[in-house]
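I have placed the structure first, in the form of structure tokens, so that the comments after it can refer back to it.
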Amino acid sequence: MKTDVYSWRLAPHLKSELQEAARAERKSVADLLEEIVKGWLQHARGQDDAEGESQQRVREAVMKCAGTIEGRPDLAENARSEVRARIARRHGL
């Protein structure tokens, strides 16, 4: 529940841009300002949750596909065929 009121002076062009942005987002100016302040505070504290959550989702998706290939020291020369063989076995090809 919002209980506090905060006000400050803006240059007229900033006020107009803020109102336009709120209309474009289909939000009130107060809601847009609250979103902007929350984002800035998280970023300033190094707690950009959206970024962290996004990175975690990407990491989880990559780890589903990632693995290790064990073998001889010359495996790099044969990596293409080894990867193709593993994909074929995994997908029953």
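Figures for the structure shown
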{"quantity": "Neighbour-count order for 20, 34, fewest beta carbons within 10 angstrom listed first", "calculated": "20, 34"}
{"quantity": "Added length on full extension, which subtracts the Cα-Cα distance from 0.36 nm per residue, residue 84 to residue 63", "calculated": "5.7 nm"}
{"quantity": "Relative exposure of 91, 43, judged by other C-beta atoms within 10 Å (fewest first)", "calculated": "91, 43"}
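Since every read-out is calculated from the coordinates, none of them should be taken as a lab result. The shown structure was predicted, so the numbers you read here are calculated from the model rather than taken from an experiment. Heads up, the Cβs are rebuilt from the backbone with ideal geometry, glycines too, and the neighbour counts pull from every protein chain shown.
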